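Note sheet for the following structure.
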Amino acid sequence: MGRKKKIGFADLQATHAELEGGEVRCPECKRKLSEADGLRFVRGFGQAEPSLAALNCPRCRTMISIRIIATT
């Protein structure tokens, strides 16, 4: 009988451009993350654009939260 993988947690920071360009990677398995992986944006009160996103890595099941930072 196989063992289940332990689910990990990760907090990342990225810009919208990095996220759309596929530059963000899972810290556990190094897989490229994209919006097609089931990325859920979380809107804050009084904010026009979401500043937080969450997803589970399809490969290693790590729960990832990504803080969207503004480009300066």
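The values are calculated or read from the model by the stated rules, or taken from the named source; none is laboratory data. Here the structure is a predicted model, which means the values were calculated and not measured. Glycine also receives a Cβ, built like all others from the backbone with ideal geometry; neighbour counts cover every protein chain displayed.
Tabulated data for the structure shown
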read-out	value
Residues located in segment 15-55, provided they are assigned to a loop (DSSP other than H, G, I, E, B), charged (D, E, K, R) and farther than 13 Å from Ile69 by Cα	Glu23, Glu28, Lys30, Arg31, Arg43
Looking only at segment 8-20, and only at residues there that are among the hydrophobic types (A, V, I, L, M, F, W, C) and closer than 11 Å to Asn56 by Cα, the one that is surrounded by the fewest Cβ atoms within 10 Å (Cβ to Cβ)	Phe9
Criterion: under 16 Å from Ala14 (Cα atoms), of a type in the set (Lys, Arg) and at pLDDT 85 or above - qualifying residue of Arg67, Arg61	Arg67
Of all residues making up segment 31-72, the number that are in contact with a Leu (Cβ under 8 Å, 6 or more places away or on another chain) and among the basic types (Lys, Arg)	2
Filter result (within 12 Å of Phe9 (Cβ to Cβ) and either at pLDDT below 90 or surrounded by 14 or more Cβ atoms within 10 Å (Cβ to Cβ) (or both)) within segment 21-54	Cys26, Pro27, Glu28
Of residues in segment 21-33 being charged (D, E, K, R) and in contact with a strand residue (DSSP E or B) (Cβ under 8 Å, 6 or more places away or on another chain), the one nearest to Arg61 (Cα to Cα)	Glu28
Yes/no for Ile64 being touching a strand residue (DSSP E or B) at 6+ places or on another chain (Cβ under 9 Å) and outside any strand (DSSP E or B)	no
Pairs where the first residue, in segment 25-51, is on the phi > 0 side of the Ramachandran plot and the second is surrounded by 11 or more Cβ atoms within 10 Å (Cβ to Cβ), C-beta under 9 Å, 6+ apart	Gly38/Leu55; Gly38/Asn56; Gly38/Pro58
